[in-house]
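Structure first, then comments.
The values are calculated or read from the model by the stated rules, or taken from the named source; none is laboratory data. Just so we're clear, the structure is a prediction, and the values are computed from it rather than from any experiment. In this analysis, Cβ positions are derived from the backbone assuming ideal geometry, glycine residues included, and neighbour counts consider all displayed protein chains. For the accessible areas, the whole protein counts, side chains as well, though only heavy atoms, and no ligand, DNA or RNA atoms are used. Shrake-Rupley method; radii C 1.70, N 1.55, O 1.52, S 1.80 Å.
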Amino acid sequence: MKTASKDQPLKIAVAGLGTVGAGLLRLAEKHASLLEDRSGRPILVTAVSARDRNKNRGVSLDGMAWFDDPVAMAARADADVVVELIGGSDGIARQFCETALGNAKHVVTANKALLAHHGTELALVAEEAGVTLAFEAAVAGGIPIIKSLREGLAGNPIRRIYGILNGTCNYILTAMHKYSHEFNDVLKEAQKQGYAEADPGFDVDGIDTAHKLAILASMAFGARVNFDGVYVEGIRHVSLTDIRFARELGYRIKLLGTALLTNEGVEQRVHPCMVPLDSPIAHVEGVFNAVVADGDFSGTIIHEGCGAGAGPTASAVAADLVDIARGHSTPTFSIPAKELKSLPASPLEHRTGPYYIRLMVVDRPGVFADVAAALGRHDVSMESVIQRARAPGEQVPVVMIIHDTREDRMAAALADIGGLEAVVEPPRMIRIESF
Ligand code: HSE
């Protein structure tokens with residue numbers, strides 16, 4: 001381990017001075033002495049790069065070199081570490097990181113999209129160059145889940161990791177549950193309040209969760225990052241009717257990212273889940289994130305906290321900087337990048353579990369017999385059914401809980417059921433998760 005010296009500051013160049021970048025500068029200023037105590041040397045921001053030099057960020061840039069071009073900064077700044085807060089899986093952010101690594105500078109990034117798409121390759125380059133690629137801030141904001149997996153749980157093989165990894169989705173689902181509003185109304189309100197992006201696709205369609213999950217799976221299983229192997233389904237189709245039935249049946253609906261080892265490889269999936277009310281994850285509310293890791297000796301470890309925002313994300317970046325300042329170096333994804341395994345994606349069609357199914361059907365004799373026949377044809381067994389409303393000739397919801405069934409059989413049964421004349425909307429299916 002390199003020993004740090006008090007009179008040898010760790011010099012930082014920060015690219016991207018949005019919410020998180022400005023938050024990092026504030027943290028570095030406010031906690032300069034704490035960071036120095038914990039690192040054994042000062043941490044100094046020596047250079048910055050952003051779109052607009054004159055924007056008021058509520059933080060002084062005095063004494064920092066300004067670069068209009070972040071890639072030039074990565075090449076030329078007087079810095080030991082560059083911090084990438086630009087975002088995006090390719091383009092400038094990628095060039096910036098590659099340039100820094102090529103110039104033997106450590107890289108700290110909050111960019112989950114970049115890591116999900118190019119994490120293994122960047123780790124190979126970093127390790128070959130003998131520098132660190134650190135990304136605590138990329139997954140679940142202020143929750144130190146990366147360090148926890150890489151170090152705190154190093155003595156445990158992890159077979160499953162799952163969590164609520166997107167605050168926007170959790171905020172929307174929580175508000176639907178609490179205030180009985182439909183998805184679109186909550187989303188509009190969240191956008192007005194600034195909780196949701198003007199373009200919410202990455203969040204509500206599950207892509208942001210999938211990026212984070214692919215990184216977690218790599219850390220947990222010592223596997224190459226495989227974003228393309230993630231099954232992704234967002235929350236747009238979750239209706240208030242489903243939220244109400246979930247409550248009645250003793251569940252909450254949460255968007256979970258789940259990665260687990262199976263006999264066939266790694267199953268990675270992002271989709272709304274019914275989670276039992278007695279599971280801790282059911283009570284993670286609002287913009288909070290939570291990550292649960294199952295270790296064999298540690299048992300189940302639950303991490304919960306703020307998954308986004310200036311403070312939590314800056315805190316995670318600072319933790320990486322302190323590690324680098326101390327000369328504390330670990331393989332990027334828990335094991336050396338060249339030893340990461342290429343594990344095949346385990347097909348979701350082979351997953352077995354219970355399901356919540358909601359149909360909108362015309363209330364008339366014989367409809368249920370047709371539904372039951374379709375289930376029977378595919379060897380799908382029902383645990384319970386609810387049809388409460390009585391409205392002859394009108395549409396009514398019918399909800400079924402299905403016993404453990406393989407996903408491909410469930411899908412085939414739903415295709416048949418969806419084709420029945422009395423079923424007036426595509427069937428809604430939400431997987432039930434048991435922990
Ligand atoms: N937009 C994300 C969220 C935070 O809502 O949790 C950044 O990944």
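Here are some notes:
- Qualifying residue in the stretch 229-252 (condition: more than 16 Å from the ligand (Cβ to nearest atom), under 14 Å from the mean Cα position of the chain (by Cα) and open to solvent by 10 Å² or more (accessible area, probe 1.4 Å)): yes
- Near pairs, Cβ below 9 angstrom, 6+ apart or cross-chain, from the stretch 208-220 (closer than 12 Å to Ala140 by Cα and among the polar types (S, T, N, Q)) to any residue that is open to solvent by 10 Å² or more (accessible area, probe 1.4 Å) and more than 11 Å from the ligand (Cβ to nearest atom): Thr209/Val230; Thr209/Val232; Thr209/Gly234
- Within the stretch 5-57, being open to solvent by 60 Å² or more (accessible area, probe 1.4 Å) and of a type outside the set (D, E, K, R) holds for Gln8, Thr19, His31, Ser33, Leu34, Leu44, Asn54, Asn56.
- The condition (being in the same structural domain as Ala422 (by TED's automatic domain parsing) and farther than 25 Å from Glu264 by Cβ) is satisfied by just one residue among Val371, Val380: Val371.
- Among (1) surrounded by 24 or more Cβ atoms within 10 Å (Cβ to Cβ); (2) away from the ligand (no atom under 16 Å from the Cβ) - the single one His118 does not satisfy: (1)
- Of all residues in the stretch 301-318, those satisfying the criterion of being crowded, with 20+ Cβ neighbours inside 10 Å and either at positive phi or assigned to a helix (DSSP H, G or I) (or both) are Pro312, Thr313, Ala314, Ser315, Ala316, Val317, Ala318.
- Selection of the stretch 156-185 for residues being more than 16 Å from the ligand (Cβ to nearest atom) and either among the polar types (S, T, N, Q) or without any contact (Cβ under 8 Å) to a residue 60 or more places away in the chain (or both) yields Asn156, Lys178, Tyr179, Ser180, His181, Glu182, Asn184, Asp185.
- In the set Ser315, Ser279, only one residue is more than 30 Å from Gly18 (Cα to Cα) and either among the polar types (S, T, N, Q) or assigned by TED's automatic domain parsing to the domain that holds Glu407 (or both); that residue is Ser279.
- Residue in the stretch 138-152 that is surrounded by fewer than 24 Cβ atoms within 10 Å (Cβ to Cβ) and under 25 Å from Tyr251 (Cα atoms) present: no
- Where Ile301 falls short, out of the listed (1) more than 16 Å from the ligand (Cβ to nearest atom); (2) farther than 30 Å from Leu34 by Cβ: (2)
- On inspection, Leu124 qualifies as within 30 Å of Asp296 (Cβ to Cβ) and either among the hydroxyl-bearing types (Ser, Thr, Tyr) or open to solvent by 60 Å² or more (accessible area, probe 1.4 Å) (or both).
- Summed over the stretch 192-206, residues that are more than 10 Å from the ligand (Cβ to nearest atom) and within 20 Å of the chain's Cα centre (by Cα) total 6.
For every residue, the table says whether it meets (1) of a type in the set (A, V, I, L, M); (2) under 22 Å from Ser334 (Cβ atoms); (3) in contact with a Leu (Cβ under 7 Å, 6 or more places away or on another chain).
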site	(1), (2), (3)
Ile207	yes, no, no
Leu213	yes, yes, yes
Gly265	no, yes, yes
Arg269	no, yes, yes
Leu277	yes, no, no
His283	no, no, no
Phe288	no, no, no
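- Looking across the stretch 254-300, just one residue is in a strand (DSSP E or B) and of a type in the set (Phe, Trp, Tyr), and that is Phe288.
- All of (1) surrounded by fewer than 24 Cβ atoms within 10 Å (Cβ to Cβ); (2) more than 11 Å from the ligand (Cβ to nearest atom) hold for Thr109 with one exception: (1).
- Within the stretch 1-103, helices (runs of 4 or more DSSP H) holding 2 or more residues that are under 28 Å from Phe202 (Cα atoms) and assigned by TED's automatic domain parsing to the domain that holds Leu114: 19-30, 70-76, 91-102
- Comparison of Gly142, Gly88 shows that the only residue that is within 16 Å of the ligand (Cβ to nearest atom) and on the phi > 0 side of the Ramachandran plot is Gly88.
- Residue pairs whose Cβ atoms lie under 7 Å apart, separated by 6 or more positions or on different chains, with the first residue in the stretch 186-207 and in contact (Cβ under 8 Å) with a residue 40 or more places away in the chain and in the same structural domain as Ile164 (by TED's automatic domain parsing) and the second part of a loop (DSSP other than H, G, I, E, B) and among the hydrophobic types (A, V, I, L, M, F, W, C), are Tyr195/Val287.
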